[in-house]
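First the structure, in the form of structure tokens, and then the observations on it.
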Amino acid sequence: MAPSVRLSPAARSLFDEPLAIAVQGLGPRQPVTLRSSLRDETGELFQACARYQAGDDGELDLARCPALPGGSFSGLEPMGLLWALQPQKPFRRLVKRDVQSPFLLQLEVFDGHGEPPGRLLAQAQHERAFLRDGVRRVPVREGRIRATLFLPPGNGPFPGIIDLYGTGGGLPEYRACLLANHGFAVLALAFYGYEDLPKEMKEFHLEYFEEAVNYMLQHTQVKGPGIGLLGISKGGDLCISMASFLKGIMATALINGSVANVGAVLRYKDITIPPLGIDVKRIKVNKSGIADIVDVLNNPLEGPDRQSFIPLEKAECRFLFIVGQDDRNWKSEFFAVEGSKRLQAHGKEKPEIVCYPGAGHYIEPPFFPMCAASMHLLVGKPVVWGGEPKAHCEAQVDAWQQIQAFFCKHLMGKPSGTSNKL
């Protein structure tokens, strides 16, 4: 029997779902190298490889067989060929630009453990999709709002969430889309660097975000009485600002967010919150020209920088802080702890804080490969994001469950563990 790759699901799976990979028809204890590759929409190639030895029966099941040293990872890692994908060019981060088309994953099996690899024994293709069948993608251009709404299949109404990314700008849809697959109505909201929105991060007006909140609260497919907010990085402190000043927010989840306003002036009616001060002299640049910016921001507990601390004690919602303890973008754990102290000092509920040792800044949905360093728009050079690939990947899988459970509990009154039954 010729060697063949066996995948489950066979042809197509959702990006945040596990994929079972096995090879059959090999010789007993035959050494092989497995290689995975995919190209993003710009044509960038991402690859990973691992060395294995088939069992006595010529079967190789990645769920039971550990990878040997010498590849992109070693040990028992059933999803290693996905989370260990690395760009062929440095400083590229894997993102999905068009959620309506899948990533095409190529899997190849080569004979032996040589460099370059031996002859090709078997290969397979697999689609990693973002949009579950029946999920509706609705571009939103109402008033000033520039966004995309994802609605799950069925009649609804569904618990509603607004999803914000960080300083990269534009309109990333992939996290909102994957979350909608789990039964949430999710609005991916652009706030700068997109269509007719401001081109640069100079100042933000909370009235824009208020428009988006009201759009969700009034939508017939969104279950009241309030909505949730999900933000990463700069999107995190914008979510805290929204929760602090706007009505109708019941739950706010932050992924490596800041409790101080960062990077741009924030205005709402007659309130102005200045950005936290920075000192570029605190940037450390290594021999490869990669910057470590973790110490650049001032302390929001000291001097005039206290004015940038967002008054999150005004919020009427519950908070979840997801923290990568090796975040090199800024001190996420410090921000979460100080936010917690401030809430409790004002008699508010203690927030949930979930810390992940070995996780860096970009905690994405499951199975996105960790990006160790990439270009930072505001710094103008590549920066290190932190994280150790295996620990970071495990954090992404767990954080995804934590986020869904948090929104189920506070937007639907359901206990955690019911997220897949929406």
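The values are calculated or read from the model by the stated rules, or taken from the named source; none is laboratory data. Small disclaimer: the values here were computed from a predicted structure and weren't measured. Here the Cβ is made from the backbone with ideal geometry for all residues, glycine too, and neighbour counts use every protein chain on show. Heads up: the accessible areas ignore ligands, DNA and RNA and are worked out on the full protein's heavy atoms, side chains in. Shrake-Rupley method; radii C 1.70, N 1.55, O 1.52, S 1.80 Å.
For every residue, the table says whether it meets (1) polar (S, T, N, Q); (2) not assigned by the TED database to the domain that holds Tyr208.
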residue	(1), (2)
Pro116	no, yes
Gln125	yes, yes
Gly154	no, no
Pro157	no, no
(request) Could you figure out which of (1) assigned to a loop (DSSP other than H, G, I, E, B); (2) surrounded by fewer than 19 Cβ atoms within 10 Å (Cβ to Cβ); (3) not aliphatic (A, V, I, L, M) isn't true of Gln123? (result) (1)
(request) Identify all residues within segment 208-232 that are touching a helix residue (DSSP H, G or I) at 6+ places or on another chain (Cβ under 9 Å), open to solvent by 10 Å² or more (accessible area, probe 1.4 Å) and not in a strand (DSSP E or B); write none if there are none. (result) Glu210
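From the list Leu171, Leu104, Leu131, which residue is assigned to a strand (DSSP E or B) and open to solvent by 10 Å² or more (accessible area, probe 1.4 Å)? Talk me through it step by step, then tell me what you get.
Numbers: Leu171 fails: assigned to a strand (DSSP E or B); Leu131 fails: assigned to a strand (DSSP E or B).
Criteria check complete, one pass: Leu104.
Quick one: would you say Leu178 is surrounded by 20 or more Cβ atoms within 10 Å (Cβ to Cβ), in contact with an Asp or Glu (Cβ under 6 Å, 6 or more places away or on another chain) and assigned by the TED database to the domain that holds Val23?
Values: surrounded by 20 or more Cβ atoms within 10 Å (Cβ to Cβ): yes; in contact with an Asp or Glu (Cβ under 6 Å, 6 or more places away or on another chain): yes; assigned by the TED database to the domain that holds Val23: no.
Judged against the criteria, Leu178 is not a match.
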(message) Checking Arg141 against (1) open to solvent by 30 Å² or more (accessible area, probe 1.4 Å); (2) outside the structural domain of Gly228 (by the TED database); (3) free of Cβ contacts under 8 Å to residues at least 40 places away in the same chain: exactly one of these is not met. Which one?
(response) (2)
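Which residues, taken from segment 378-397, are within 18 Å of the chain's Cα centre (by Cα) and open to solvent by 60 Å² or more (accessible area, probe 1.4 Å)? Spell out how you get there, then give the answer.
Step one: list which residues in segment 378-397 are within 18 Å of the chain's Cα centre (by Cα), which gives 383-397.
Scanning segment 378-397 gives Glu388, Lys390, Glu394.
Just need a number here: residues in segment 18-50 that are small (Gly, Ala, Ser) and assigned to a strand (DSSP E or B). Break it down stepwise before answering.
Within segment 18-50, the first condition is being small (Gly, Ala, Ser), and the residues that meet it are 20, 22, 25, 27, 36-37, 43, 48, 50.
Cutting the leftovers down to assigned to a strand (DSSP E or B) gives us 20, 22, 36-37, 48, 50.
The total comes to 6.
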(message) I need the full set of residues from segment 54-92 which are hydrophobic (A, V, I, L, M, F, W, C) and without any contact (Cβ under 8 Å) to a residue 40 or more places away in the chain, in order please.
(response) Ala54, Leu60, Cys65, Ala67, Leu76
(message) Just the residues that are open to solvent by less than 20 Å² (accessible area, probe 1.4 Å) and assigned to a strand (DSSP E or B), please, taken from segment 51-83.
(response) Tyr52, Leu60, Ala67
(request) Output yes when any residue across segment 19-32 is in the same structural domain as Val99 (by the TED database), open to solvent by 60 Å² or more (accessible area, probe 1.4 Å) and closer than 22 Å to Lys390 by Cβ, and no when none is. (result) no
(message) Condition check: assigned by the TED database to the domain that holds Val379, open to solvent by 10 Å² or more (accessible area, probe 1.4 Å), of a type in the set (Phe, Trp, Tyr) and without any contact (Cβ under 8 Å) to a residue 24 or more places away in the chain. Does Tyr165 satisfy that?
(response) no
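How many residues are open to solvent by 40 Å² or more (accessible area, probe 1.4 Å) and of a type in the set (S, T, N, Q) if we restrict to segment 233-253? It would help to see each step written out before you state the result.
Filtering segment 233-253 down to residues open to solvent by 40 Å² or more (accessible area, probe 1.4 Å) leaves 247, 250.
This time we only want the ones that are of a type in the set (S, T, N, Q), so: none.
Summing the residues that are open to solvent by 40 Å² or more (accessible area, probe 1.4 Å) and of a type in the set (S, T, N, Q) in segment 233-253 gives 0.
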